[in-house]
Amino acid sequence: MKDFAGKIAVITGGGTGMGRELARQLVAEGCNVALCDLSADAMAETKGLCEVEKLPQGLRITTHVVDVSIEHQLARFRDEICDQQVTDKIHLLFNNAGIGGGGSLFTNSREQWERTFNICWGGVYLGVRTFLPMLVKAEEGHIVNTSSVNGFWASVGMGVSHTAYSAAKFAVKGFTEALINDLRLNAPHIKCSVVMPGHIGTSIVSNSRKVQSGTDSDRLNDSEIALTRRRLMAAGVDAANMSDDDVQTLAAERARSFREDAPTTAAAAAKIILDGVRAEHWRILVGDDAHRLDERVRATPERAYDAEFYQSFAEEVGWRLG
């Protein structure tokens with residue numbers, strides 16, 4: 001798919017981060033866009049940014065409040081697209097929605113673990129299931145599933161458990177690779193890609209906490225403060241005698257730093273993804289850190305979870321792990 005003008009794209013997680021930037025760049029190329037997210041306010045901001053320049057006549061941007069882990073909400077999303085975009089087909093499906101959290105089978109609840117897994121993996125699977133018939137009806141189509149470097153390397157450092165997110169992202173990667181031949185045999189006009197970003201400047205840290213806690217507040221609750229304190233201590237920070245306000249401040253700084261100090265911006269990531277779609281690459285690594293990590297894991301897979309591997313890679317690319 002060399003040209004996005006006149007096409008219809010569905011983007012999950014379109015309220016912030018890479019989803020927002022995908023929408024902005026697609027609209028700039030004349031592509032109709034249907035966004036979904038848990039936050040109506042975030043999507044309204046994305047839509048406003050897309051409309052900074054006057055839209056071509058007839059170009060549509062629609063927003064839809066959807067939890068991608070719930071199948072009937074995705075079905076409603078599909079039906080709303082048919083009505084509001086006046087179509088029975090789409091050309092691009094970006095299964096981009098994702099959250100973190102639920103990293104440990106020991107210190108996190110089953111509900112937290114499954115919330116992360118069901119959004120990061122279930123949202124991709126259900127997204128493809130829901131929209132595949134509309135892709136089949138198009139003259140050409142492309143499915144873009146967002147995995148992560150944690151889809152081939154299940155860690156963010158020695159001091160932090162990372163099971164739910166990593167398991168989900170491994171599932172997304174394997175599912176997308178299996179789709180290559182399934183589509184080739186049954187719908188050869190549809191292509192697919194798995195996206196594996198490294199550290200991208202998004203609001204996933206703060207957004208994930210809000211989704212997991214069911215609140216829009218930027219402040220941690222008592223249980224979140226306790227968990228954050230334990231994580232800091234596991235990472236070697238002397239947090240036992242910190243005040244709750246000090247823990248709040250550190251958590252806010254971590255979210256800010258993840259978003260603002262990342263080596264790759266969300267806008268740069270979106271451009272890499274769209275260029276990969278144009279080139280029909282099935283495997284899209286995003287960021288120099290993703291490329292370097294991929295090379296390291298492939299070169300020494302048996303050492304990928306050793307302390308020396310973590311430390312030397314973090315120093316090489318400037319990651320702050322753990």
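Of note:
- Count of residues meeting criterion [in contact (Cβ under 8 Å) with a residue 60 or more places away in the chain and in a helix (DSSP H, G or I)] in the stretch 4-45: 9
- Residue match in the stretch 64-71 (condition: more than 20 Å from the chain's Cα centre (by Cα) and in the same structural domain as Pro133 (by TED's automatic domain parsing)): no
- Criterion (under 21 Å from Gly159 (Cα atoms), surrounded by 14 or more Cβ atoms within 10 Å (Cβ to Cβ), of a type in the set (Asp, Glu) and under 22 Å from the mean Cα position of the chain (by Cα)) met by exactly one of Asp289, Asp294: Asp289
- Filter result (of a type in the set (Gly, Ala, Ser) and in contact with a helix residue (DSSP H, G or I) (Cβ under 7 Å, 6 or more places away or on another chain)) within the stretch 288-319: Ala290, Ala304
- Residues being part of a loop (DSSP other than H, G, I, E, B) and buried (at least 18 other Cβ atoms within 10 Å of the Cβ) - total across the stretch 125-141: 1
- Scan of the stretch 285-321 for residues that are under 14 Å from His199 (Cα atoms) and outside any helix (DSSP H, G or I), ordered by number: Leu285, Val286, Gly287, Gly318, Trp319, Arg320, Leu321
- Qualifying positions in the stretch 44-63 - acidic (Asp, Glu) and either closer than 30 Å to Glu114 by Cβ or not assigned by TED's automatic domain parsing to the domain that holds Trp121 (or both): Glu45
- Residue satisfying all of: in the stretch 274-284; out of contact with any Asp or Glu (no Cβ under 9 Å at 6 or more places or on another chain) and assigned to a helix (DSSP H, G or I); surrounded by the most Cβ atoms within 10 Å (Cβ to Cβ) among these: Val277
- When the stretch 210-244 is filtered for residues that are assigned to a helix (DSSP H, G or I), under 18 Å from Val160 (Cβ atoms), at pLDDT below 75 and of a type in the set (Gly, Ala, Ser), only Ala234 remains.
- Check on Val33, β-branched (Val, Ile, Thr), closer than 22 Å to Ile200 by Cβ and modelled with pLDDT of 95 or more: yes
- When Val172, Val194, Val144, Val156 are screened for being in a loop (DSSP other than H, G, I, E, B), crowded, with 20+ Cβ neighbours inside 10 Å and among the β-branched types (Val, Ile, Thr), only Val156 passes.
- Single match in Arg292, Arg303 (criterion: more than 22 Å from Thr202 (Cα to Cα) and either without any contact (Cβ under 8 Å) to a residue 40 or more places away in the chain or charged (D, E, K, R) (or both)): Arg303
- Which numbered condition Lys54 misses (of (1) free of Cβ contacts under 8 Å to residues at least 12 places away in the same chain; (2) under 21 Å from Ile190 (Cα atoms); (3) not polar (S, T, N, Q)): (2)
- Looking only at the stretch 51-99, residues that are among the aliphatic types (A, V, I, L, M), in a loop (DSSP other than H, G, I, E, B) and buried (at least 22 other Cβ atoms within 10 Å of the Cβ) come to 5 in all.
- Answer residue from the stretch 10-31, given it is surrounded by fewer than 24 Cβ atoms within 10 Å (Cβ to Cβ) and among the polar types (S, T, N, Q) and is farthest from Ala75 (Cα to Cα) among those: Gln25
- When Ile61 is tested against the conditions (1) over 16 Å from Ala9 (Cβ atoms); (2) without any contact (Cβ under 8 Å) to a residue 40 or more places away in the chain, the lone failure is (1).
The values are calculated or read from the model by the stated rules, or taken from the named source; none is laboratory data. Being a predicted model, the structure only gives us computed values, none of them experimental. Glycine also receives a Cβ, built like all others from the backbone with ideal geometry; neighbour counts cover every protein chain displayed.
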